[in-house]
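Please read the structure below before turning to the comments.
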Amino acid sequence: MKSNRDWNNINSLEIFFHGLIMGTINKLPGISGGLYSIVIGFYDHLMNSIKNINNNTFKNLFLFDFKKLNSSINGKFLFFLSIGMIISYFTTSKILDFFLINYELYVWSIFFGLILGSLYVLIKRTNKTNVKKLLILFVGLCFGLLLSFSEPMMENRALAFVFFCGFISICGITIPGLSGSFILILLGNYELLLVDAVNSFFDLIANIFKNENYPIDSELIKILIVFFLGSVIGLIILSKFLSFILKKYPIHLNHLIIGFVLGTLPIVWPWNKVELGEELLTMFNNFYGLIFILASFIIIILLNNNVDKKNLRSNR
């Protein structure tokens with residue numbers, strides 16, 4: 001969706017604020033930062049800025065030639081958006097950590113509802129289909145089911161795998177509707193990379209600037225750095241390819257994602273993600289779990305309706 005706003009001349013504080021929200025959204029399975037950028041109207045601007053990154057970009061960066069950097073890749077826009085996203089990762093990780101420890105069933109219920117909502121949106125937007133596209137959906141479904149009924153992927157701290165997680169999960173920014181956090185859940189590293197590692201780095205910063213004495217896991221710091229590098233490199237490399245696929249074969253891609261998400265739903269079923277003690281077997285907890293699924297599902301539907309209304313206004 002195109003926007004009439006000139007995002008190169010938008011106030012830096014507003015761009016930073018959008019980065020905060022986009023970073024928070026990227027940590028929620030089932031909803032992508034790319035979808036938020038479409039709602040606000042800077043998706044095309046963001047994709048064009050990323051696609052313009054090349055060897056000259058890094059040359060200008062090392063030479064501190066910020067004027068050329070800003071003109072070639074919309075540097076001001078990318079800088080303040082990125083800073084907002086990075087800061088949001090630290091603030092939301094502490095909140096997620098608290099709720100995952102104390103209300104694990106409810107957190108996974110919200111995540112499941114968000115994923116269901118995104119699936120509904122994708123199905124609603126896929127109004128053109130044929131045998132070929134249904135075969136693509138079937139391929140995605142089979143792959144998803146293969147993941148669901150094979151041995152679940154456990155937390156993996158191998159740096160090569162962590163780099164891969166960063167590289168592939170960045171798809172949530174470039175492909176609206178595909179959640180990078182959902183991919184991390186399937187890979188078994190969601191809590192490691194978006195909660196534990198980020199919290200460890202947050203504690204390190206607190207020790208340096210606030211003279212605190214929090215215990216620091218150096219391995220988690222290393223993991224976070226590798227994950228960050230994988231995300232940056234993935235964003236630069238995949239943005240051009242995925243943008244090409246999204247523009248040339250949007251319906252085919254939607255069918256593949258729908259099939260894949262359908263097949264992997266058993267993996268993120270909330271009652272499969274928690275250890276069912278007696279307190280979780282009560283009707284009260286189960287009822288509230290279902291309420292959270294329904295509420296988060298409705299949020300995605302309302303968000304999608306807002307996108308559709310903006311599209312109608314922009315096409316008039």
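The values are calculated or read from the model by the stated rules, or taken from the named source; none is laboratory data. Predicted, not measured: the structure shown is a model, and the values here were computed from it. When we count neighbours, we look across all protein chains shown, and the Cβ atoms used for this are built from the backbone with ideal geometry, even at glycine.
Tell me which residues, restricted to the stretch 1-41, are modelled with pLDDT of 85 or more and assigned to a loop (DSSP other than H, G, I, E, B). Of everything in the stretch 1-41, just one residue is modelled with pLDDT of 85 or more and assigned to a loop (DSSP other than H, G, I, E, B), namely N11. Only residues that are touching a residue at least 24 places away in the same chain (Cβ under 8 Å) and not aliphatic (A, V, I, L, M) were counted in the stretch 51-69, giving 1.
Filtering L238, L246, L253, L229 for residues that are modelled with pLDDT of 90 or more and assigned to a helix (DSSP H, G or I) leaves a single hit, L229. So is L105 within 28 Å of L229 (Cα to Cα) and not small (G, A, S) or not? No; evaluated as a whole, the condition is false for this residue. Look at (1) under 26 Å from I301 (Cα atoms); (2) within 15 Å of the chain's Cα centre (by Cα) and you find that E191 fails only one, number (1). The residues listed here are S72, S88, S82; of these, the one that is hydroxyl-bearing (S, T, Y), touching a helix residue (DSSP H, G or I) at 6+ places or on another chain (Cβ under 6 Å) and part of a helix (DSSP H, G or I) is S88. So, in the stretch 209-227, of the ones that are surrounded by fewer than 18 Cβ atoms within 10 Å (Cβ to Cβ) and in contact (Cβ under 8 Å) with a residue 40 or more places away in the chain, which residue ends up nearest to C165 (Cα to Cα)? Here the answer is K222.
Could you please let me know if V232 is farther than 16 Å from G263 by Cα and among the aliphatic types (A, V, I, L, M)? So V232 fits the description; yes.
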